[in-house]
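The values are calculated or read from the model by the stated rules, or taken from the named source; none is laboratory data. All values reported here derive from a predicted model rather than from experimental measurement. Note that each Cβ is placed from the backbone with ideal geometry, even for glycine, and that neighbours are counted across all protein chains shown.
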Amino acid sequence: MAGIQESSIFTRIIAREIPADVVFENERIIAIRDIAPKAPVHLLVIPKTELYSNVSELAAGDVGLLAEIVAVSQQLATEHSRGEYRLVFNTGPSAGQTVFHVHAHLLADDTAGGRLTEGTLGQ
């Protein structure tokens, strides 16, 4: 008999078992502020389904949901910065993925004249 898989931290946030600073929510997506930001604006855009552990699985399984994540990211970048942003999906432990529930990191600068430097994740 297979062991019971523990819910990801994101599933627990979605269920309101763990508090988070929610900046967006609809029936399929939630977006929260990252607790260890790597840029002035660092939001996590998370589908509410646990079906996909990474962006490749999501793209193969529900391209519409992937497109919705990108559209929500644009909306959030417009609301929280100047509409310009970096969108990062980590896939696999060696690429920095620590939560295996697909999610996008939206990184942006919210300061006048500020910018994210090329060659860095967010700073």
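Worth pointing out:
- Failed item, numbered, when D110 is tested on (1) charged (D, E, K, R); (2) touching a residue at least 40 places away in the same chain (Cβ under 8 Å); (3) not in a loop (DSSP other than H, G, I, E, B): (3)
- Any hit, the range 16-27, residues being free of Cβ contacts under 8 Å to residues at least 40 places away in the same chain, within 14 Å of the chain's Cα centre (by Cα), surrounded by fewer than 18 Cβ atoms within 10 Å (Cβ to Cβ) and in a strand (DSSP E or B): yes
- If the condition is being out of contact with any Ser or Thr (no Cβ under 9 Å at 6 or more places or on another chain) and among the hydrophobic types (A, V, I, L, M, F, W, C), then the range 15-38 contributes I18, A20, V22, V23, F24, I29, I30, I32, I35, A36.
- In the range 71-97, residue farthest from A36 (Cα to Cα) [restricted to those that are of a type in the set (A, V, I, L, M, F, W, C) and modelled with pLDDT of 95 or more]: A71
- Once the range 50-70 is narrowed to residues that are more than 23 Å from R33 (Cβ to Cβ) and charged (D, E, K, R), the residue that is surrounded by the most Cβ atoms within 10 Å (Cβ to Cβ) is D62.
- Looking only at the range 71-96, residues that are among the hydrophobic types (A, V, I, L, M, F, W, C), surrounded by 14 or more Cβ atoms within 10 Å (Cβ to Cβ) and not in a loop (DSSP other than H, G, I, E, B) come to 5 in all.
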